[in-house]
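The values are calculated or read from the model by the stated rules, or taken from the named source; none is laboratory data. Just so it is clear, the structure is predicted and the values come from calculations on it, not from any experiment. Here the Cβ positions follow ideal geometry from the backbone for every residue, glycine too, while neighbour counts run over all protein chains shown. SASA here: full protein model, heavy atoms, side chains in, ligands and nucleic acids out. Shrake-Rupley method; radii C 1.70, N 1.55, O 1.52, S 1.80 Å.
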Amino acid sequence: VSLARELVAAVGVPVIVNDRADVAIAAGASGVHLGADDIPVSAARVFAPPDFIIGASVGNDSELDNARGADYAGIGPVFGTGSKRDAGNAIGVDEFTRLAVATGLPAVAIGGISATNARLVIDAGAVGVAAIAAIFGSSDPSFAANELLSAIGR
């Protein structure tokens with residue numbers, strides 16, 4: 001928790017912690033992103049501060065219920081990814097759009113997002129993208145992040 005608290009204080013941007021609502025709250029993070037194997041969004045809402053952001057992973061219809069009460073849905077993996085071993089098979093852009101509509105939430109595209117395909121998901125209704133390998137797998141993460149920003153038109 002102390003490392004997370006230091007990170008939150010140092011970066012000067014909203015920090016969303018993956019999987020651990022307790023760590024996110026203790027660290028003073030802006031929110032948490034919860035997957036299907038984490039505590040339910042409804043349970044996190046019980047003890048989270050009122051302005052705490054909660055995101056929920058959605059990759060298929062069975063995960064739609066857990067997204068109720070979330071502020072946004074992270075939907076994917078849209079494309080194949082090696083960043084998370086438990087991500088599952090790519091769902092594609094059409095299924096991303098269908099699930100995004102089904103959640104009724106702002107949707108963030110997750111999984112295999114790069115500068116070459118990010119615009120596809122933005123055009124399909126994503127409000128944003130989440131990328132790991134495209135940035136952290138690059139020899140120049142700053143350049144890679146700026147390429148992604150350009151690709152999505154920001």
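Scan 8, 17, 32, 23 and give me the residue that is hydrophobic (A, V, I, L, M, F, W, C), surrounded by fewer than 17 Cβ atoms within 10 Å (Cβ to Cβ) and out of contact with any Leu (no Cβ under 9 Å at 6 or more places or on another chain). It would help to see each step written out before you state the result.
Numbers: 8 fails: surrounded by fewer than 17 Cβ atoms within 10 Å (Cβ to Cβ); 17 fails: surrounded by fewer than 17 Cβ atoms within 10 Å (Cβ to Cβ); 32 fails: surrounded by fewer than 17 Cβ atoms within 10 Å (Cβ to Cβ).
Within the list 8, 17, 32, 23, the selection yields 23.
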Checklist line | Residue count for segment 124-135, restricted to those that are open to solvent by less than 50 Å² (accessible area, probe 1.4 Å), under 17 Å from residue 57 (Cβ atoms) and hydrophobic (A, V, I, L, M, F, W, C) | finding: 4
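Looking at segment 42-58, which of its residues are farther than 26 Å from residue 12 by Cα and open to solvent by less than 30 Å² (accessible area, probe 1.4 Å)?
First, pick out the residues of segment 42-58 that are farther than 26 Å from residue 12 by Cα: 42-43, 46, 58.
Answer for segment 42-58, where residues must be farther than 26 Å from residue 12 by Cα and open to solvent by less than 30 Å² (accessible area, probe 1.4 Å): just 58.
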Item checked: Residue that is closer than 23 Å to residue 148 by Cα, in contact (Cβ under 8 Å) with a residue 40 or more places away in the chain and in contact with a strand residue (DSSP E or B) (Cβ under 6 Å, 6 or more places away or on another chain), where the choices are 58, 17 -> 58
Notebook entry, point to check: Could you list, in sequence order, the residues of segment 120-138 that are modelled with pLDDT of 95 or more and either farther than 18 Å from residue 93 by Cβ or more than 16 Å from the chain's Cα centre (by Cα) (or both)?
Noted result: 120, 123, 124
Next item on the list: Check segment 82-94 and report whether any residue there is charged (D, E, K, R), modelled with pLDDT of 95 or more and surrounded by 15 or more Cβ atoms within 10 Å (Cβ to Cβ).
Entry: no
Notebook entry, point to check: Regarding residue 17, is this residue outside any helix (DSSP H, G or I), at pLDDT below 95 and of a type in the set (Val, Ile, Thr)?
Noted result: yes
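Being open to solvent by 30 Å² or more (accessible area, probe 1.4 Å), over 20 Å from residue 65 (Cα atoms) and outside any helix (DSSP H, G or I) is true for just one of 138, 142. Which residue is that?
Working: 142 fails: outside any helix (DSSP H, G or I).
The unique qualifying residue is 138.
Is it the case that segment 48-55 has a residue that's aliphatic (A, V, I, L, M), modelled with pLDDT of 95 or more and over 16 Å from the mean Cα position of the chain (by Cα)?
Residues of segment 48-55 that are aliphatic (A, V, I, L, M), as a first pass: 48, 53-54.
Now drop any that are not modelled with pLDDT of 95 or more, which leaves 48, 53-54.
With over 16 Å from the mean Cα position of the chain (by Cα) added as a condition, the list becomes 48.
Within segment 48-55 (the criterion being aliphatic (A, V, I, L, M), modelled with pLDDT of 95 or more and over 16 Å from the mean Cα position of the chain (by Cα)), the answer is yes, since at least one residue qualifies.
Can you confirm whether residue 65 is closer than 29 Å to residue 27 by Cα, touching a residue at least 40 places away in the same chain (Cβ under 8 Å) and open to solvent by 50 Å² or more (accessible area, probe 1.4 Å)? Even if it seems obvious, please write down each step before you answer.
Numbers: closer than 29 Å to residue 27 by Cα: yes; touching a residue at least 40 places away in the same chain (Cβ under 8 Å): no; open to solvent by 50 Å² or more (accessible area, probe 1.4 Å): yes.
Considered against the rule, which asks whether it is closer than 29 Å to residue 27 by Cα, touching a residue at least 40 places away in the same chain (Cβ under 8 Å) and open to solvent by 50 Å² or more (accessible area, probe 1.4 Å), residue 65 comes out as no.
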Check: residue 34 is checked against (1) within 25 Å of residue 75 (Cα to Cα); (2) touching a residue at least 24 places away in the same chain (Cβ under 8 Å); (3) more than 18 Å from the chain's Cα centre (by Cα) and fails just one. What number does that condition carry?
Finding: (3)
Check: Got a sec? Which of 121, 101 is touching a residue at least 24 places away in the same chain (Cβ under 8 Å), aliphatic (A, V, I, L, M), open to solvent by 60 Å² or more (accessible area, probe 1.4 Å) and not in a strand (DSSP E or B)?
Finding: 101
